[in-house]
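Here's the structure we're looking at; comments come further down.
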Amino acid sequence: MPLYFFDTSALVKRYHTEAGSETVDEIFNDPEGTFFIANITMTEFTSAFARKLSEGIISEDDLIVCLSEFSKDIFNLFLIIDLDRNHINKSLPLIIKHNLRTLDSLQLAVFLSLAPLKPIMVTSDEILSNATTNEGFQALKP
């Protein structure tokens, strides 16, 4: 049973058609798959779609639909891992080791807390993808 951990850069592709959306849809169609996100993804997701609205990429109606669908999935599809002090402590050396941005380091720290389950990172961020593979894990980059 594959365990997928989605960072926000890949997750938005489920709710807004763009390059990589087809790959994300294939992952979610895996009947054996289990899907994890960090709780900070909810904030990042909302921010990403608010930016799309302000840039004129989506309409207010699109924003409402995306946020509504994501809210449903939060309750029905995702296992959510709460960010805690241990994740923050783990993120600090990851920033230095992989030259990660703040939220990417936190996403990676949460992902690494699942290490015994051998999760697969799903991210569209090149640096986070490389950091994941450098840590010895599989990364899918839609």
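Any idea how many residues of segment 20-35 are out of contact with any helix residue (DSSP H, G or I) (no Cβ under 8 Å at 6 or more places or on another chain) and either closer than 16 Å to residue 103 by Cβ or of a type in the set (A, V, I, L, M, F, W, C) (or both)?
Selection size over segment 20-35: 1.
Go through segment 29-41 and give me each residue that's buried (at least 16 other Cβ atoms within 10 Å of the Cβ) and not aliphatic (A, V, I, L, M).
Hits for segment 29-41 are 35, 36, 41.
Could you grab the pairs with beta carbons closer than 7 Å, sequence gap of 6+ or different chains, first residue in segment 69-92 and in contact (Cβ under 8 Å) with a residue 12 or more places away in the chain, second one in a loop (DSSP other than H, G, I, E, B) and among the β-branched types (Val, Ile, Thr)?
Between residues of segment 69-92 that are in contact (Cβ under 8 Å) with a residue 12 or more places away in the chain and residues that are in a loop (DSSP other than H, G, I, E, B) and among the β-branched types (Val, Ile, Thr), there is no close pair.
For the structure I just gave you, tell me whether residue 32 is of a type outside the set (S, T, N, Q) and free of Cβ contacts under 8 Å to residues at least 12 places away in the same chain.
No: the conditions fail for residue 32.
Can you name the residue in segment 42-67 that is of a type in the set (Gly, Ala, Ser) and more than 13 Å from residue 16 (Cβ to Cβ) and is also surrounded by the most Cβ atoms within 10 Å (Cβ to Cβ) among such residues?
For segment 42-67, the residue satisfying everything is 47.
Please give the number of the condition residue 17 fails out of (1) in a loop (DSSP other than H, G, I, E, B); (2) under 19 Å from residue 3 (Cα atoms).
(2)
Determine, yes or no, whether residue 24 is buried (at least 18 other Cβ atoms within 10 Å of the Cβ) and touching a Pro at 6+ places or on another chain (Cβ under 7 Å).
yes
Kindly evaluate residue 65 against the criterion of being touching a Pro at 6+ places or on another chain (Cβ under 7 Å) and not polar (S, T, N, Q).
Against the criterion (touching a Pro at 6+ places or on another chain (Cβ under 7 Å) and not polar (S, T, N, Q)), residue 65 does not qualify.
Is it fair to say residue 130 is in contact with a His (Cβ under 8 Å, 6 or more places away or on another chain), polar (S, T, N, Q) and modelled with pLDDT of 95 or more?
yes
Within segment 95-128, take every residue that is small (Gly, Ala, Ser) and surrounded by fewer than 21 Cβ atoms within 10 Å (Cβ to Cβ) and give me the one that is nearest to residue 32 (Cα to Cα).
Residue satisfying both the conditions and the ranking: 115.
So which helices (runs of 4 or more DSSP H) are wholly in segment 58-123 and hold at least 3 residues that are out of contact with any Ser or Thr (no Cβ under 9 Å at 6 or more places or on another chain) and modelled with pLDDT of 95 or more?
60-76, 85-98
The values are calculated or read from the model by the stated rules, or taken from the named source; none is laboratory data. Treat the numbers as computed from the prediction; the structure is a model and nothing was measured. For neighbour counting, all protein chains shown are included, and Cβ atoms are generated from backbone atoms with ideal geometry for every residue, glycine included.
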